[in-house]
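Right, one structure below, let's go through it.
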Amino acid sequence: MRETRQEATPGTQNARLMEIFRSRPNQWIPMPEIASEISAYAVHSRVADLRRLGWTVVNRQERPGGKGPRLSYYRYEPPQAPA
């Protein structure tokens with residue numbers, strides 16, 4: 001079954017986020033890098049918007065050394081071609 005995805009309105013933070021994910025599929029991208037590139041710090045909210053549009057975006061969090069702030073990463077998983 002093919003995944004159905006909608007597109008974001010051109011020029012929006014969501015559209016810029018889509019461009020980042022399309023250019024780096026299946027790669028973990030640090031949240032601060034995404035925030036800088038889309039000029040938004042509500043990255044989790046923008047990712048939630050893409051998920052509502054049908055995009056598969058996963059999140060990973062790390063806490064280096066078990067202490068300090070968590071580091072968050074996002075990865076876009078493009079739809080698989082039918083077998």
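The values are calculated or read from the model by the stated rules, or taken from the named source; none is laboratory data. For clarity, every value in this text was computed on a predicted model and none was experimentally measured. Virtual Cβ from ideal backbone geometry, glycine too; neighbours counted across all protein chains shown.
Of the listed requirements (1) among the β-branched types (Val, Ile, Thr); (2) at pLDDT 95 or above; (3) out of contact with any Lys or Arg (no Cβ under 7 Å at 6 or more places or on another chain), Val57 misses just one: (3).
When Gln6 is tested against (1) touching a Leu at 6+ places or on another chain (Cβ under 9 Å); (2) over 18 Å from Asn59 (Cβ atoms); (3) assigned to a helix (DSSP H, G or I); (4) not small (Gly, Ala, Ser), only condition (3) is not met. Filtering the stretch 48-83 to residues that are touching a residue at least 60 places away in the same chain (Cβ under 8 Å) and closer than 14 Å to Leu17 by Cβ leaves nothing.
Of the residues making up the stretch 37-47, one or more are touching a residue at least 12 places away in the same chain (Cβ under 8 Å), more than 11 Å from the chain's Cα centre (by Cα), outside any loop (DSSP other than H, G, I, E, B) and surrounded by fewer than 17 Cβ atoms within 10 Å (Cβ to Cβ). Could you grab me the full set of residues in the stretch 48-83 that are in a helix (DSSP H, G or I), of a type outside the set (D, E, K, R) and surrounded by 14 or more Cβ atoms within 10 Å (Cβ to Cβ)? Of everything in the stretch 48-83, just one residue is in a helix (DSSP H, G or I), of a type outside the set (D, E, K, R) and surrounded by 14 or more Cβ atoms within 10 Å (Cβ to Cβ), namely Leu50.
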